[in-house]
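The values are calculated or read from the model by the stated rules, or taken from the named source; none is laboratory data. Predicted model, so just to flag it, every value in this text is computed and none were measured. Neighbour counts are summed over all protein chains in view; Cβ atoms, including those assigned to glycine, are modelled from backbone coordinates with ideal geometry. Quick note on the areas: whole protein, heavy atoms, side chains included, nothing else; ligands and nucleic acids left out. Shrake-Rupley method; radii C 1.70, N 1.55, O 1.52, S 1.80 Å.
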Amino acid sequence: MAQRPSRFLRNCALALGGLLLLALLAGGWFYHRLDRSRPQLDGTAHVNGLGTAVTVERDALGVPTVRGANRVDVARALGWLHAQERFFQMDLMRRRAAGELAELVGAKALPLDRETRVYEFRRFAQSAVARLPAEQFALVEAYTAGVNAGLAALGAPPWEYLMLRVPPRGWSSVDCALVAYAMTLDLQDAGAYERSLTTLRNVLGESALRFFAPLVGPDDAALDGSTAPLAPIPSAEVLNLRKPAAAKTTASHSEPPADDPAVIVSNSFALAGAHTATGAGLLANDMHLNLGVPNTWYRAALVWGTPPHQVTGVTLPGLPLVIAGSNGHIAWGFTNSYADVADLVVVEPNTIDRTLYKRGERLAEFAVHTQTIAVKGGEPVQLETQWSEWGPVVAMGEKNRPLALAWTALDADAIDLRLSELETATTTAAALAIAQRSGMPAQNFLVADRAGAIGWTIAGRLPQRVGFDGRFPVPRTYLDRRWEGFLPPDKYPCRIDLAAGRLATANQRLLGGDELDLLGDGGYDDAYRGRQIRDGLATLERATPRDLLAIALDDRALFLQRWRDLALRVLTPDVVAQKKSRAEFRRALEKWEGRASVESVSYRLARAFRTSVVQLALGPIFAGCEERDERFNWRKFHYEPALWALLEAKPLHLLAPAYAQWDDLLVAAIDDATAQIEKQNGSLASATWGRRNTARLRHPLARSLPAWATGWLSMPPDPIPGDSRMPRVGGPDFGASERFVVSPGREAEGIFHMPGGQSAHPLSPFFRAGHADWVRGNPTPFLPGPTQYRLELKP
């Protein structure tokens, strides 16, 4: 009997040993496959199609300097590098635009694929590539061949495909255009903002629209100085929350306070030579995007020709050009313009046969497009969409009339590679002309040249509207309201050689009057960040790159100062005496650092107070709109001046019936903010902004791993300084996707930051290289450093 336990234990030990051996073997096999897919850093590789050999010299961060005899060879080599370092990222982007993610990851991607397939971007991408001029097409073809060569040169497919258990699909020239369309989806609003404005007008009326969602307001920071006074507060006859019906609606929509959602924002600013230390123009650019692993951009310096011509900056894996950077003569960058490039068209269907719609005096038939969505591990899904001559039907509007989407992106001429001409442009004037003719999502384009000139315009396509402003859906049954193609480049708004010698764009409205009519309203950001940048620039003379970097890293809480002061006024001795937590809230606010620094408690509390006030005050007002349209989003409206008008005038008819007076709402906001922070953090005393604003940069596949293993595919969870309404924009997974300051011709003095690393491969020495400097804001060189690895690509 005594031998049985020992035999049992011996068998258990053998079983455990076997399992451990299997785990080690599996881990060893996986590591071997992972190691085989590691990008080649040095030695020699053969690439068919090269005219002559191309050298790739990487520095300690993995930033390559690519040297070739001509631009086409360099494009082929860049494609090779992108495939080796970032192919899975490229694959996700093309599939995102084409609505083909479910084919790779399964049914969980079907909702996104269905939404995207409506636009049929693959069809437009095919047409766009077919229309490219010969020089641009040669770049795309060489780049595509380089991508496929780089993918084939790996010892094993990129490691992501091992985890997904599918083989990678080769690259095509059409995929390059799809990558551009993927950025379009990220940067442009396809009618959602217009729909929210319409719901606001239809439910609450014109006076509420003018008050809560003004196009031009009193706090604006436009280039031309245009502002407008705030409209009057809507009267009780128009909007009254104290009425029983309104109170019922309000109660059904009471929710805990929520943070303002992130919007796609960016900064670009420039000084003319008269205000710089060298006499050359000086440009700063940080494009804010959703952040992950790997980063959106891939740094590179491209060198070709005799004498050598060099352009340095950020490339987008999937495209053969430098998107933003400097070429020794000009430096350029972008911010999202929020020009209105999409309109909802009210389609008037035939009352008898709804397959027909009115087109002038005649009837036209909706085209029905059928597509098949492949699904990994499941049956294919059929999708039918209706198309009018203006675009696809995307929703139903008032009176059950279809809404079609007219969008500049839904045109074969929306995408091209004219932007590549910036790589050899030599003056601000020439660069502005190139930008205005480029096929890309409409962006603010800022440029500086080595002679000291700076300029701004819109890069990308703009619609030329006739008979309407595009802010609300209108019928186009007759030709009195229409698009006459794209706006001609000579009509684009433009600024060059300004007397002030200073320019700043931060996604705010930049122009008024007739020029605003040309650009329309695509949902501009509010002006507080742009004003802080503008005012910082105004003080600079004999500026250097570090001076502009200081503005880019400015985390002063100028916007929240007013809210902190209001909270202190609310927390009177009588109010504080009623609840212990209020005294603690007040003590923390009194220690005001005035910055969104990671160690600040007072910033987090002031921000949470504002967020609670916004929700408690405005949520009930917009509850009826949310009930009418589940996609209604009032947080993009410029409601800040309106909110302060309410807090100062204290109109009882716009106060939720849960409160007897406005001061009660403000006290409730203090308590709600306290409850939210204590729920998230445990106590107010330790609730630093850094504990709330902690980096969450992860590879898309990290979420499929156990929690203990996600760190392997993620950046460190560092506390991040900054926030949304200040130059240093920073959030857990949103912020500066790149940050550079450079003066053309003096690139060696330039500064560059980028989150994440150059490589998407977790075994690469460049997987996290440079990320810590981005977190801390340490100045690091714009140009690649000394060569650490040298690779030769041979024909």
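Quick one: which of Leu197, Leu178, Leu209 is within 30 Å of Thr144 (Cα to Cα), outside any loop (DSSP other than H, G, I, E, B) and in contact with a Lys or Arg (Cβ under 9 Å, 6 or more places away or on another chain)? First the steps, then the outcome.
On the way: Leu197 fails: within 30 Å of Thr144 (Cα to Cα); Leu209 fails: within 30 Å of Thr144 (Cα to Cα).
Step by step, each of Leu197, Leu178, Leu209 is checked, and only Leu178 is within 30 Å of Thr144 (Cα to Cα), outside any loop (DSSP other than H, G, I, E, B) and in contact with a Lys or Arg (Cβ under 9 Å, 6 or more places away or on another chain).
Report, by residue number, each residue of the range 244-278 that is modelled with pLDDT of 95 or more, open to solvent by 30 Å² or more (accessible area, probe 1.4 Å) and part of a loop (DSSP other than H, G, I, E, B).
Across the range 244-278, the qualifying residues are Ala277, Thr278.
Of everything in the range 529-569, what is among the aliphatic types (A, V, I, L, M), part of a helix (DSSP H, G or I) and open to solvent by 20 Å² or more (accessible area, probe 1.4 Å)? Give them in sequence order.
To start, the set of residues in the range 529-569 that are among the aliphatic types (A, V, I, L, M) comprises 533, 537-538, 540, 543, 548-553, 557-558, 560, 566-568.
Still in the list and also part of a helix (DSSP H, G or I): 533, 537-538, 548-552, 558, 560, 566-568.
Ala538, Ala550, Leu558, Leu568, listed by residue number.
Does Leu643 meet the test of being open to solvent by less than 20 Å² (accessible area, probe 1.4 Å) and touching a Phe, Trp or Tyr at 6+ places or on another chain (Cβ under 8 Å)?
no
Taking into account only those residues within the range 212-243 that are of a type in the set (Val, Ile, Thr) and at pLDDT 95 or above, which is least open to solvent (accessible area, probe 1.4 Å)?
Going through the range 212-243, the residues of a type in the set (Val, Ile, Thr) turn out to be 216, 227, 233, 238.
Within this subset, residues satisfying the condition of being at pLDDT 95 or above are 216, 227, 233.
On the way: Val216: 41, Thr227: 79, Ile233: 56 Å².
Once the filter is applied, the top-ranked residue is Val216.
Mind checking which residues of the range 139-155 are surrounded by fewer than 16 Cβ atoms within 10 Å (Cβ to Cβ) and not in a loop (DSSP other than H, G, I, E, B)? Give the steps one after another, and end with the answer.
First pass over the range 139-155, keeping only residues surrounded by fewer than 16 Cβ atoms within 10 Å (Cβ to Cβ): 152, 155.
The one that is surrounded by fewer than 16 Cβ atoms within 10 Å (Cβ to Cβ) and not in a loop (DSSP other than H, G, I, E, B): Ala152.
Any residue at all in the range 622-637 that is touching a Ser or Thr at 6+ places or on another chain (Cβ under 6 Å), closer than 30 Å to Ser737 by Cα and crowded, with 19+ Cβ neighbours inside 10 Å? Give the derivation first.
We begin by selecting, within the range 622-637, every residue touching a Ser or Thr at 6+ places or on another chain (Cβ under 6 Å); these are 623-625, 628-629, 632-633.
Next cut, closer than 30 Å to Ser737 by Cα only: 632-633.
From what is left, the residues that are crowded, with 19+ Cβ neighbours inside 10 Å are 632.
Checking the range 622-637: at least one residue is touching a Ser or Thr at 6+ places or on another chain (Cβ under 6 Å), closer than 30 Å to Ser737 by Cα and crowded, with 19+ Cβ neighbours inside 10 Å.
Considering (1) in contact with a helix residue (DSSP H, G or I) (Cβ under 6 Å, 6 or more places away or on another chain); (2) open to solvent by 10 Å² or more (accessible area, probe 1.4 Å); (3) of a type outside the set (D, E, K, R); (4) touching a residue at least 60 places away in the same chain (Cβ under 8 Å), say which one Ala656 fails and leave the rest.
Every condition holds for Ala656 apart from (2).
Check Asn400 against each of (1) farther than 25 Å from Tyr181 by Cβ; (2) buried (at least 19 other Cβ atoms within 10 Å of the Cβ) and name the one condition it does not meet.
(2) is the only condition that Asn400 fails.
Can you tell which of Leu204, Leu178, Leu197 is open to solvent by less than 10 Å² (accessible area, probe 1.4 Å) and within 14 Å of Trp634 (Cβ to Cβ)?
Going through Leu204, Leu178, Leu197 in turn, just one is open to solvent by less than 10 Å² (accessible area, probe 1.4 Å) and within 14 Å of Trp634 (Cβ to Cβ): Leu197.
When the residues of the range 332-376 are filtered to those that are under 19 Å from Glu120 (Cβ atoms) and acidic (Asp, Glu), which remaining residue is surrounded by the fewest Cβ atoms within 10 Å (Cβ to Cβ)?
Only one residue fits best here, namely Glu365.
Return yes when Ser724 is of a type outside the set (A, V, I, L, M), part of a loop (DSSP other than H, G, I, E, B) and open to solvent by less than 10 Å² (accessible area, probe 1.4 Å) and no when it is not. Even if it seems obvious, please write down each step before you answer.
On the way: of a type outside the set (A, V, I, L, M): yes; part of a loop (DSSP other than H, G, I, E, B): yes; open to solvent by less than 10 Å² (accessible area, probe 1.4 Å): no.
The answer is no for Ser724.
Restricted to the range 473-516, and to residues that are touching a residue at least 24 places away in the same chain (Cβ under 8 Å) and among the basic types (Lys, Arg), which residue is surrounded by the fewest Cβ atoms within 10 Å (Cβ to Cβ)?
The extreme case among them is Lys491.
Within the range 470-491, how many residues turn out to be in a loop (DSSP other than H, G, I, E, B) and charged (D, E, K, R)? I'd like the intermediate steps shown before the answer.
Our first condition is that a residue be in a loop (DSSP other than H, G, I, E, B); within the range 470-491, this holds for 470-473, 476-481, 487-488.
Pick out the ones that are also charged (D, E, K, R) and you get 471, 476, 480-481.
So the answer is 4.
Can you tell me which residue among Gly520, Gly536 is in contact with an Asp or Glu (Cβ under 8 Å, 6 or more places away or on another chain) and over 20 Å from Ile458 (Cβ atoms)? Talk me through it step by step, then tell me what you get.
On the way: Gly520 fails: over 20 Å from Ile458 (Cβ atoms).
Among Gly520, Gly536, only Gly536 is in contact with an Asp or Glu (Cβ under 8 Å, 6 or more places away or on another chain) and over 20 Å from Ile458 (Cβ atoms).
Within the range 454-461, identify whether any single residue is open to solvent by 20 Å² or more (accessible area, probe 1.4 Å), in contact (Cβ under 8 Å) with a residue 60 or more places away in the chain and outside any strand (DSSP E or B), and answer yes or no. Show your work before the answer.
First pass over the range 454-461, keeping only residues open to solvent by 20 Å² or more (accessible area, probe 1.4 Å): 461.
Add one more test, that the residue is in contact (Cβ under 8 Å) with a residue 60 or more places away in the chain, and what stays is 461.
Narrowing further to those that are outside any strand (DSSP E or B): 461.
Yes, some residue in the range 454-461 is open to solvent by 20 Å² or more (accessible area, probe 1.4 Å), in contact (Cβ under 8 Å) with a residue 60 or more places away in the chain and outside any strand (DSSP E or B).
Does at least one position in the range 691-701 carry a residue that is modelled with pLDDT of 95 or more, in a helix (DSSP H, G or I), in contact with a strand residue (DSSP E or B) (Cβ under 9 Å, 6 or more places away or on another chain) and small (Gly, Ala, Ser)?
Checked the range 691-701: no residue is modelled with pLDDT of 95 or more, in a helix (DSSP H, G or I), in contact with a strand residue (DSSP E or B) (Cβ under 9 Å, 6 or more places away or on another chain) and small (Gly, Ala, Ser).
Can you name every residue in the range 156-168 that is in contact (Cβ under 8 Å) with a residue 24 or more places away in the chain and either surrounded by fewer than 16 Cβ atoms within 10 Å (Cβ to Cβ) or part of a helix (DSSP H, G or I) (or both)? Break it down into steps so the answer makes sense when it comes.
Taking the range 156-168 as the starting set, the residues that turn out to be in contact (Cβ under 8 Å) with a residue 24 or more places away in the chain are 156-164, 166, 168.
Hits for the range 156-168 are Ala156, Trp159, Glu160, Tyr161, Leu162, Met163, Leu164, Val166.
Can you spot a residue in the range 318-331 that is open to solvent by 30 Å² or more (accessible area, probe 1.4 Å) and hydroxyl-bearing (Ser, Thr, Tyr)?
no
For the range 76-98, does any single residue satisfy the condition of being open to solvent by 20 Å² or more (accessible area, probe 1.4 Å), within 25 Å of Ala53 (Cβ to Cβ) and touching a residue at least 12 places away in the same chain (Cβ under 8 Å)?
Let us first name the residues in the range 76-98 that are open to solvent by 20 Å² or more (accessible area, probe 1.4 Å), namely 76, 89, 92-93, 96.
Still in the list and also within 25 Å of Ala53 (Cβ to Cβ): 76.
Checking which are touching a residue at least 12 places away in the same chain (Cβ under 8 Å) leaves us with 76.
Checking the range 76-98: at least one residue is open to solvent by 20 Å² or more (accessible area, probe 1.4 Å), within 25 Å of Ala53 (Cβ to Cβ) and touching a residue at least 12 places away in the same chain (Cβ under 8 Å).
May I ask you to say which residue of Val118, Val129, Val105, Val66 is over 27 Å from the mean Cα position of the chain (by Cα) and either among the basic types (Lys, Arg) or surrounded by 18 or more Cβ atoms within 10 Å (Cβ to Cβ) (or both)?
Details: Val118 fails: over 27 Å from the mean Cα position of the chain (by Cα); Val129 fails: over 27 Å from the mean Cα position of the chain (by Cα); Val105 fails: over 27 Å from the mean Cα position of the chain (by Cα).
The unique qualifying residue is Val66.
Restricted to the range 181-194, and to residues that are of a type outside the set (D, E, K, R) and under 14 Å from Phe472 (Cβ atoms), which residue is most open to solvent (accessible area, probe 1.4 Å)? Show your work before the answer.
Narrowing the range 181-194 to residues of a type outside the set (D, E, K, R): 181-185, 187-188, 190-193.
The next check asks that each one be under 14 Å from Phe472 (Cβ atoms); those that pass are 191-193.
Details: Gly191: 6, Ala192: 60, Tyr193: 22 Å².
The qualifying residue most open to solvent (accessible area, probe 1.4 Å) is Ala192.
Tell me, which residue of the range 702-721 that is at pLDDT 95 or above and open to solvent by 40 Å² or more (accessible area, probe 1.4 Å) is farthest from Val166 (Cα to Cα)?
If we take residues in the range 702-721 being at pLDDT 95 or above and open to solvent by 40 Å² or more (accessible area, probe 1.4 Å), then Pro719 is farthest from Val166 (Cα to Cα).
Within the range 736-795, count every residue that is open to solvent by less than 10 Å² (accessible area, probe 1.4 Å), over 26 Å from Pro719 (Cβ atoms) and either among the hydrophobic types (A, V, I, L, M, F, W, C) or without any contact (Cβ under 8 Å) to a residue 24 or more places away in the chain (or both).
4
Among the candidates Asp664, Asp671, single out the residue that is open to solvent by 50 Å² or more (accessible area, probe 1.4 Å), out of contact with any helix residue (DSSP H, G or I) (no Cβ under 7 Å at 6 or more places or on another chain) and either without any contact (Cβ under 8 Å) to a residue 40 or more places away in the chain or outside any loop (DSSP other than H, G, I, E, B) (or both). It would help to see each step written out before you state the result.
Values: Asp671 fails: open to solvent by 50 Å² or more (accessible area, probe 1.4 Å).
The match here is Asp664.
Report yes if some residue within the range 600-619 is without any contact (Cβ under 8 Å) to a residue 60 or more places away in the chain, of a type in the set (A, V, I, L, M), in a helix (DSSP H, G or I) and open to solvent by 20 Å² or more (accessible area, probe 1.4 Å); otherwise report no.
No, the range 600-619 has no match at all.
Looking only at the range 441-461, how many residues end up being touching a helix residue (DSSP H, G or I) at 6+ places or on another chain (Cβ under 7 Å) and closer than 18 Å to Glu194 by Cβ?
1
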